[in-house]
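Here the structure is laid out as structure tokens; the discussion comes afterwards.
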Amino acid sequence: MESGSSSSKDSLSYTKEDVNKTIVTEFILMAFSSLQHLQILLFAAILLAYIICVTGNIFIIALVSAVPLLHTPMYYFICTFAVLEIMFVSDTVPNLLANLISGNKKISLLGCFTQMYAFNGLGITECYLLAVMAFDRNLAINNPLHYSTIMSKVLYIELAVAPWIVGFTISFMTTIFTARLKYCGPNKLDHFVCDLAPLQKLACSNPFISRVVTLLAAILATVIPFIIIIAFYIHIINTISKIKSSEGKQKAFSTCSSHLIVASLYYGTAIIVYVRPNGSQYDKFLALMYTVITPLLNPFIYTLRNKDVKSAVRKSRLFKRVLGSYPI
């Protein structure tokens, strides 16, 4: 009897220990489950935003490629930005749409960290590409006579490639430190995408080092390029203020106003989310802003506010056939 009792206790002790050491093999993305009555409405709105965003950015890529007038460094960067935006929204939105419309909210461990690596890598790339675009505008306005000489084809290709290298290098570091944490408890993420803070909250091991790395990465990824952009625009505004004619001022500012609006929209939410690595319950709503809303607006900002683009559309035979006689 004692032997049976002892065996029973050992078995019970083993079961508890085994439960405590259970390794999570998948996560559940809760997304907007709390807004159950709005799931269909959210699905329709986000799907429409996704279609418009992808279509708008494809339009920009096609227009820049087709019209020689737009074969300049500025539009090369805008074209690169459009490609980046399509990849950025496609990393998260299709999965979010599936989450909203179906009952399956699961994502594998590997799938989760792969999505997180791509999501953060593309996001950081966007931050640095916006800084590169600010440098381009600063050079064009402050050194117009030497712009074409300095901004050679080799240089603007290097400047377009560099943000991708920086972005995915920083993302690799944060992904590795977060993936090394042990996940053995709850597996429900209060988010629609696998991201750093929600995953760190679920870790069974101490996430202190991972959070420190995340904070340092956030400073490198958002704060530093944001400061660079601010510095360039202070220089730009100072130069524009010295132009005597109001027409000259308007023309100079019109070349960079679109970029300034896009940068403000993107950084406004990204800095709030990532400079606070512990996260909050509102992060997924803020993330929805820069993963869906801002990419939706960008094609309109870069086309409707840009005289060169509107002129190119009018002159392009290809787009005349597509748009017919509709005024732009």
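Sort through I209, I165, I157, I150 and tell me the only one that's surrounded by fewer than 22 Cβ atoms within 10 Å (Cβ to Cβ) and over 30 Å from L265 (Cβ atoms).
On the way: I165 fails: over 30 Å from L265 (Cβ atoms); I157 fails: over 30 Å from L265 (Cβ atoms); I150 fails: over 30 Å from L265 (Cβ atoms).
Result: I209 is the single residue among I209, I165, I157, I150 that is surrounded by fewer than 22 Cβ atoms within 10 Å (Cβ to Cβ) and over 30 Å from L265 (Cβ atoms).
Of everything in the range 168-195, what is open to solvent by 50 Å² or more (accessible area, probe 1.4 Å) and among the charged types (D, E, K, R)? Give them in sequence order.
R180, K182, K188, D190
If N104 satisfies all but one of (1) open to solvent by 50 Å² or more (accessible area, probe 1.4 Å); (2) at pLDDT 90 or above; (3) within 30 Å of F32 (Cβ to Cβ), what's the number of the condition it fails?
Condition not satisfied by N104: (2).
Residue pairs, Cβ under 6 Å, 6 or more apart or interchain, first in the range 159-183 and under 30 Å from A134 (Cα atoms), second open to solvent by 60 Å² or more (accessible area, probe 1.4 Å) and part of a helix (DSSP H, G or I). List them.
Close Cβ pairs satisfying both conditions: I170/L220; S171/Y117; T175/Y117.
Open to solvent by less than 20 Å² (accessible area, probe 1.4 Å), charged (D, E, K, R) and in a helix (DSSP H, G or I): which single residue out of D91, D136 fits that description?
On the way: D91 fails: open to solvent by less than 20 Å² (accessible area, probe 1.4 Å).
Within the list D91, D136, the selection yields D136.
Can you tell me which of (1) surrounded by fewer than 17 Cβ atoms within 10 Å (Cβ to Cβ); (2) in contact (Cβ under 8 Å) with a residue 12 or more places away in the chain; (3) in a helix (DSSP H, G or I) is the one L35 doesn't meet?
Of everything listed in (1) surrounded by fewer than 17 Cβ atoms within 10 Å (Cβ to Cβ); (2) in contact (Cβ under 8 Å) with a residue 12 or more places away in the chain; (3) in a helix (DSSP H, G or I), L35 misses just condition (2).
Output the number of the condition that L96 fails; it satisfies all remaining conditions of (1) touching a Leu at 6+ places or on another chain (Cβ under 7 Å); (2) part of a helix (DSSP H, G or I).
(1)
The values are calculated or read from the model by the stated rules, or taken from the named source; none is laboratory data. In this text the structure is predicted, and so the values were computed from the model without any measurement. Here the Cβ is made from the backbone with ideal geometry for all residues, glycine too, and neighbour counts use every protein chain on show. Side chains included, ligands, DNA and RNA excluded: accessible areas come from the protein's heavy atoms. Shrake-Rupley method; radii C 1.70, N 1.55, O 1.52, S 1.80 Å.
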